Amino acid sequence: MTEIDSFINDCKESGSMSNNTLKSYKCDLDKLQSYVSELGITDVAKISEKVLKDHLDRLKEKGYSPSTIARNIVSIKALFKHLVKIERVTIDASENLVAPKVELPKANVLTRKQVEDLLGMPDVRTAKGQRDSAMLELMYATGIKVSELVTVKVSQLDMQIGNILCKNNKTERIIPFDKRTKAVLSRYLQDGRRHLINRTDEELLFINYQGEAMSRQGVWKLVKSYAQQADIKVPITPEALRHSFAAHLVERGADIEAVQMMMGHVSPVSTNRYARENRDYIRDVYDRTH
């Protein structure tokens, strides 16, 4: 159906979705298109609530997991919201679709005080302390993954605007950071990093005393060490800072879809676990809630 292709193209051109989300939408809606084609339905306006429910039931029968079915429902709802908006249909056939309950491991989230205590531990009078402070601040301010953190280059930072380009498995997303993080990064770039690099053309943002790339294990050890110094009793890993970033945004009312984009989640099912209870530009959401 041309409406589905048009919807995907509109999402792509708007630039408001990550590549992972776009791929998920296309994959899910291709399944729907295949099913309705089997039924001989060629007009999107003829897709009823029953047709959608039968399609989801068939996915369940084929062995798709609850999380995958939940993601399909999100994609279908997004499509019909678009169709209603452009007045291609008058009734949203997806309105009453309910996602199956998806059990995800409970995220290890720190309190705001624990985060502040942790961020205050590095001795910023030293090059290492400035580096560690910048790493901790960036992890909490952006939710960046450790695998991205240890490979991020200086060129991926936009210090004027205040954002970072994260690259992971051929996907990219831009995440803003606040003035506090910008100040910590500036201090490290102008001072601490100069004492750690072995060559002036070094591209990596974070490096160790040998002038080499930081390892994920190295980041894990420094986070654990600072947590012990801060007398934080709960287990803390770099992933805990990432979870805390998302959870604290959601607690303050951030839009789930915006958080999903910043986290790089393919499905909002993963992001929803941070919610305890409207879509805008990420920068507006971030500035209002972080």
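Points to keep in mind about this one:
- Residue in the range 92-106 that is crowded, with 20+ Cβ neighbours inside 10 Å, closer than 18 Å to K221 by Cβ and not hydrophobic (A, V, I, L, M, F, W, C) present: no
- Failed item, numbered, when A141 is tested on (1) within 16 Å of the chain's Cα centre (by Cα); (2) of a type in the set (G, A, S); (3) modelled with pLDDT of 90 or more: (3)
- A Cβ distance below 8 Å, combined with a sequence gap of six or more or placement on separate chains, defines the contacts here; from the range 119-147, residues that are assigned by TED's automatic domain parsing to the domain that holds V184 and in a helix (DSSP H, G or I) reach residues that are surrounded by fewer than 16 Cβ atoms within 10 Å (Cβ to Cβ) and hydrophobic (A, V, I, L, M, F, W, C) in the pairs V146/W220.
- Residue match in the range 58-78 (condition: in contact with an Asp or Glu (Cβ under 8 Å, 6 or more places away or on another chain), at pLDDT 85 or above, in a helix (DSSP H, G or I) and more than 30 Å from I175 (Cα to Cα)): no
- Positions within the range 198-257 being of a type in the set (S, T, Y) and within 17 Å of E116 (Cβ to Cβ), in sequence order: Y226, S244
- The range 180-204 residues that are closer than 17 Å to L136 by Cβ, paired with ones that are in a loop (DSSP other than H, G, I, E, B) and not aliphatic (A, V, I, L, M) (beta carbon under 8 Å, 6 or more apart): T181/G162; K182/G162; L185/F177; G192/T126; L196/N208; L196/Y209; L196/G211
- Residue count for the range 204-257 satisfying the condition of being at pLDDT 85 or above and of a type in the set (A, V, I, L, M, F, W, C): 16.
- Options E95, E49: the member that is more than 30 Å from M262 (Cα to Cα) and outside the structural domain of M263 (by TED's automatic domain parsing): E49
- Yes/no for R199 being out of contact with any strand residue (DSSP E or B) (no Cβ under 7 Å at 6 or more places or on another chain), basic (K, R) and at pLDDT 90 or above: no
The values are calculated or read from the model by the stated rules, or taken from the named source; none is laboratory data. Computed from a prediction, not measured in an experiment: that's the story for all the values here. Please note: Cβ atoms are built from the backbone with ideal geometry, for glycine as well, and neighbour counts cover all protein chains shown.
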